[in-house]
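*Asks:* A single structure is presented below for examination.
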Amino acid sequence: MSELSGRVAIVTGGARGIGAAIVRDFVARGAHVVVVDNGASIDGRGADPSVTTSFTGSLGTAVAPLAASIADPGIAESAVELAHERFGRLDIVVNNAAILRDAFVFKGDVADYEAVLQTNLIAGFALIRAAAPGLRERAKTEAPYTGGRIVNIVSTAGLYGNFGQAAYASAKAGLTALARIAALDLARAGITSNAVAPFAATRVTESIVPATDAQSAYKSHAMSVPAEPVARFVSFLCSARAQHVSGQLFGVRGREMFLFSQPRPIARVTLAPDDDLESVATQVERSFAPSFTPLETDLDAFSSAPVV
Ligand SMILES: NC(=O)c1ccc[n+]([C@@H]2O[C@H](COP(=O)([O-])OP(=O)(O)OC[C@H]3O[C@@H](n4cnc5c(N)ncnc54)[C@H](O)[C@@H]3O)[C@@H](O)[C@H]2O)c1
């Protein structure tokens, strides 16, 4: 397996869970990887650099650890510098690091909301911003360049929503949009950018507190889903074979791969200038209500048995 031979990647949150599976898959396919991970708890508090150094130590010289928070100022730039210093180039950015601070909207704390956005969304922008000039330069000097890749690891929580996940889902919805904007802004340089919503058994899946029977089913099924298929799909997106795949939103759950639609108008009505609210209501009931999106959470929507 040498599909990523000569490629250099940065994977944030790459020392555990899905990120670690991505790093292992990249290395198995010939890539070199900078692993940025501060070894934080699920809520982002605390830091344990040994999580990162012991993981990268097990993978030899193909990986370089940066045991720091990608949300801290200057760390995105340091990761890009480390890729160049250690491996001589940078091709791939995987924004995977994420934290959770769940709270109902009627109880949540603004500082917690900000902390989640900082790690799960703003840090992703900072890393793309730090990496993009070098990727664009390489596209000019190395044409045809089929290496420039951005993959944002998002979540169905940001598409469907889930109880108490205002911060996490807002950040993930933003990260999905960021992948799309990066795809547009970098298309001329041949750099692709996609979003992947994963499903896999990790410490985060384990921490789910089900709110409905369907959510309980989701959790028990999810605990049997390995992270490796997500990693294989991310490697595909980063391979030369995916040069024409950009701006898309995918999901991976075990052996299932999903392509998600992206919101577009699905119904249209035209009002008269003097229509009153009763007319608006009539139109909404007649033309929109049959197509309303149900108030269903992502855990309910994906509670069926996965194919593993
Ligand atoms: N597990 C699932 O089923 C699932 C579902 C939907 C989305 N996701 C997404 O997949 C990604 C990986 O999730 P996971 O389940 O493997 O979680 P995880 O908690 O097992 O791994 C996340 C890693 O990110 C690191 N991290 C956290 N904050 C960081 C920071 N500021 N800087 C650097 N590293 C940081 C953690 O130390 C940890 O090693 C996340 O983006 C998550 O939102 C996972």
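The values are calculated or read from the model by the stated rules, or taken from the named source; none is laboratory data. As the structure is a computational prediction, the values presented were derived from the model and not from experiment. FYI the Cβ positions are ideal-geometry reconstructions off the backbone, even for glycines, and counts take in every protein chain you see. Quick note on the areas: whole protein, heavy atoms, side chains included, nothing else; ligands and nucleic acids left out. Shrake-Rupley method; radii C 1.70, N 1.55, O 1.52, S 1.80 Å.
*Asks:* Whats the longest run of the chain with zero trypsin sites (Lys or Arg not before Pro) that are DSSP loop and have at most 12 other Cβ atoms within 10 Å?
*Replies:* Maximal segment without exposed cleavage sites: 108-254.
*Asks:* Another question about this same structure. Cut-off under 25 Å on the C-alpha distance; same-chain residues fewer than 8 positions from Lys172 excluded. Which lysines are left, in chain and number order?
*Replies:* Lys107, Lys219
*Asks:* Follow-up. Express in whole angstrom the spacing between the alpha-carbon centres of region 205-279 and region 123-150.
*Replies:* One Cα centre to the other: 26 Å.
*Asks:* Given a 1.4 angstrom probe, what's the average accessible area per residue across the chain, in square angstrom?
*Replies:* Per residue, the chain has an accessible area of 48 Å².
*Asks:* Using all Cα-Cα distances in region 1-112, what percent lands in each 10 angstrom bin from 0 up to the longest?
*Replies:* Spelled out bin by bin, region 1-112 gives 15, 46, 26, 10, 3, 0 percent.
*Asks:* Would you work out which of Thr212, Ile191, Asn96 lies farthest towards the positive end of the dipole of region 96-214? Charges go on Cβ: Lys and Arg +1, Asp and Glu -1.
*Replies:* Ile191
*Asks:* A further question on this structure: What are the semi-axes of the equivalent ellipsoid for the chain, taken as the square roots of 5 times the Cα gyration tensor eigenvalues, largest first, in whole Å?
*Replies:* The answer is 34, 24, 19 Å, longest axis first.
*Asks:* Further question: Which of the chymotrypsin sites (Phe, Trp or Tyr not before Pro) found in region 259-308 are in a DSSP loop and have at most 12 neighbouring Cβ atoms, other than their own, within 10 Å?
*Replies:* Within region 259-308, the qualifying chymotrypsin sites (Phe, Trp or Tyr not before Pro) (loop, at most 12 other Cβ atoms within 10 Å) are Phe292.
*Asks:* Compute the helix-to-body angle for 166-186: its Cα long axis versus the longest principal axis of the chain, expressed 0 to 90° and rounded to tens.
*Replies:* Rounded to the nearest ten degrees, it is 70.
*Asks:* Also, I was wondering about something else. Quantify, in whole percent, the carbon and sulfur part of the accessible surface of the chain (1.4 Å probe; protein heavy atoms only).
*Replies:* Ligands and nucleic acids excluded, carbon and sulfur give 56 percent.
*Asks:* Between 0 and 90 degrees, rounded to the nearest ten: what's the tilt of helix 228-238 against the longest Cα principal axis of the chain?
*Replies:* Between the helix axis and the principal axis of the chain, the angle is about 80 degrees.
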